[in-house]
Amino acid sequence: MAETGVLKPPGVLGRLGPVGRLRLVIIAAVLLSWEALAASGLLFRDVVPSLHRVAFALVRLLASGEFWSNAAVTALEVAGALAIGGTAGVAVGLLLGGSRFAERAFEPYLNYLGPTPKIIFFPVMIMGFGVGWGSKIAMGALSSFFPVALSTAAGRRGVDRVLVRVGRSFHLTPWQMVTKIYLPAIRVPVLNGLRLGFGVSVIGVLLAETKLSNQGLGYLVMQAYSRFDMPQMYAALIVVFAAAVALNAFIERFTVPRGRRT
Amino acid sequence: MKGTAMAGDTPPIDARGPGAGDPLLVVDDVSVRFDTPQGPVTAVDRMSFDVRPGEFISVIGPSGCGKSTLFNVIGGLLDCSAGRVTVGGATVRGPHPSIGMVFQEESTFPWRTVIDNVAFPLEVRGVPKAERLDRARQTIALVGLAGFEQRFPSELSGGMRQRVSIARTLVFQPGILLMDEPFAALDEQTRLLLGDKVLQIQQDLKQTTLLITHSITEAVQLSDRIVVMTYRPGKLKRIVRIELPRPRTSDVVSSPAFGHYVAQIWGDLREEASRGMAESETAGRSP
Ligand SMILES: Nc1ncnc2c1ncn2[C@@H]1O[C@H](COP(=O)(O)OP(=O)(O)O)[C@@H](O)[C@H]1O
Ligand SMILES: [Mg+2]
């Protein structure tokens, strides 16, 4: 294209590249069909409210104190869940990855339980931890434990054996072996596990909140739904979605191996 | 204890090191057996030799003859099935503080920059930051990597990474330097020049060095004595004293005496190497 010798500075669309442009087109197409569907009135009542109503609801939602207090509850529940499930997952993963015996004895259970929908344990959690935030944290922690444990175990097994021998030849203390060899070597798989664990703990917490609760974003969504306030329900969903995407992108920044950035 | 060799059909020419004084490192009748699903494998069979203070010794043998196994035993990373290794008279029961090891495999820390890799042994010993970075920088320059301090290993060639590993071990000035085919990944020219560097460092510091290699020229270029091993089981075949004058540089490779030594050791190794090749061909594994 630049054969004529004049290089024009690319516009915004040009700078995006073909993939970025396609993504924009997809988003625009979805929004347009949404609006068309809303205008057509084909679907029962407000199942697909028009975009400007969702936008208004979003603004109203973000301006309300009720939203922020519920969002804070959910955020704290997810943080607590990830702290508990993540810590337990890393610890169990290190044990499993470090011993062939433990791996063969226990890992099949993790592999089978991992993909099982954890919501089936919710009744147990309610009995154990009550209808408040306790059972939500328990659900999130249970959900995040599995991907973190499995990913850590795989990472621990993947630690280059020669690096361990290097550490031994330099007389590292057991603590130094952990902090200077094992942890840096498994950083990427552990963070990947935490990213997956974060995703499923959000799911676990929100799902639990929609089932039985009196606070949190899941509760808010269900409130809007029971009032048939579809615009507000969609607004809440958009906020949850945006927050999850942003946090995921944030964690991803740390999972690119150092020195391997392209 | 005596460091005299006991195994091998051919009696070793000279199992004792040059110069006076007690040997610093003694490999005393060491055997290593591995239990494999196919049955026990004797990787090292009754090896004995000793290393005097300040001496440069090479252990040479074809691939798979048990050199790395011996290296791990001397470094205290692997227990031998019989015999023992002593350093300064004391039996080795784990990594010895005065032995520095350079591994055959890629062993740099991919998450550390070159300078942080090289400073690593000083860091774990609690050397203050300014001092350890200073010493690391000097050692990096010594192996010819000045200017690459802030790079990550993934940004370097295989040969450069191996030089980082060598610098990382040299930096804490171990009493005994133990290297397992450290130059194997390098091209011939770099190998000769880096060999010069290591030799120069070794002579300057009077550092006792045990080099494991499969390269005859490398062994003759650098060593005071060469320990030749047989193939499967790894036994002591012969110990050859290299009487080439010091200081030696890579120029020595063109001298007639050098050629004489190479021919002599090749004579010893040819039989072992061809046995190794035949075996690996029938077993279908790469040498
Ligand atoms: N951990 C192990 N288990 C079983 N066999 C081994 C082990 N390590 C080495 N061997 C065997 O011992 C022999 C010597 O290996 P090695 O010391 O690596 O040889 P070299 O370094 O001379 O190439 C080889 O036949 C190898 O297959
Ligand atoms: Mg080897």
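Compactness check for segment A:193-260: Cα Rg over 2.2 N^0.38 Å is 1.37.
If I model chain B as equal point scatterers sitting on the Cα atoms and use the Debye formula, what is log10 I(q)/I(0) at q = 0.06, 0.16 Å⁻¹? Values returned for q = 0.06, 0.16 Å⁻¹ are -0.18, -1.33. Using R0 = 30 Å, the C-beta based FRET efficiency linking A:Arg53 and A:Arg253 works out to 0.25. Peptides B:117-123, A:57-63, ordered by how many other C-beta atoms sit within 10 Å of their residues on average, highest first, read B:117-123, A:57-63. What does the C-alpha gyration tensor say about the overall shape of the protein assembly as shown? Classify as rounded when a/c is under 1.5, otherwise prolate if a/b is larger than b/c, or oblate. Prolate is the answer for the protein assembly as shown, as a/c is 1.5 or above and a/b outweighs b/c. May I ask you to list the lysines whose Cα is less than 30 Å away from that of B:Lys67, ignoring any residue fewer than eight positions away on the same chain? Partners within reach: A:Lys180, B:Lys2, B:Lys197, B:Lys206, B:Lys235, B:Lys237. What is the Cα convex hull volume of chain A when expressed per residue in Å³? Considering the Cα atoms of chain A, their hull volume per residue is 212 Å³.
Between the C-alpha center of segment B:90-159 and that of segment A:150-193 there is a gap of 17 Å.
Here, segment B:142-287 has an Rg and a Dmax of 16.7, 47 Å when only alpha carbons are counted. Here A:Lys118 is the anchor, and the aspartates and glutamates within straight C-alpha reach of less than 19 Å, apart from those fewer than 8 places off in the same chain, are A:Glu77, A:Glu107, A:Glu209. With a 10 Å cut-off around each Cβ of A:159-167, the average count of Cβ atoms from other chains is 5.
Classify segment B:193-245 as rounded, prolate or oblate from the Cα gyration tensor: take a ≥ b ≥ c as the square roots of its eigenvalues, call it rounded if a/c is under 1.5, otherwise prolate when a/b beats b/c and oblate if not. Judged from the Cα gyration tensor, segment B:193-245 comes out prolate (a/c at least 1.5, a/b above b/c). If you take the alpha carbon atoms of segment B:108-173 and fit the smallest convex hull around them, that volume is 70 Å³ per residue. Within straight-line reach of B:Lys129, meaning a Cα separation under 13 Å, sit the following aspartates and glutamates at least 8 residues removed in sequence or on another chain: B:Asp116.
Here, each number is a calculation from the coordinates, and none is a lab measurement. Remember, it's a predicted structure, so these values are computed and weren't measured experimentally. Positions of Cβ are backbone-derived with ideal geometry, glycine not excepted, and every protein chain shown enters the neighbour counts.
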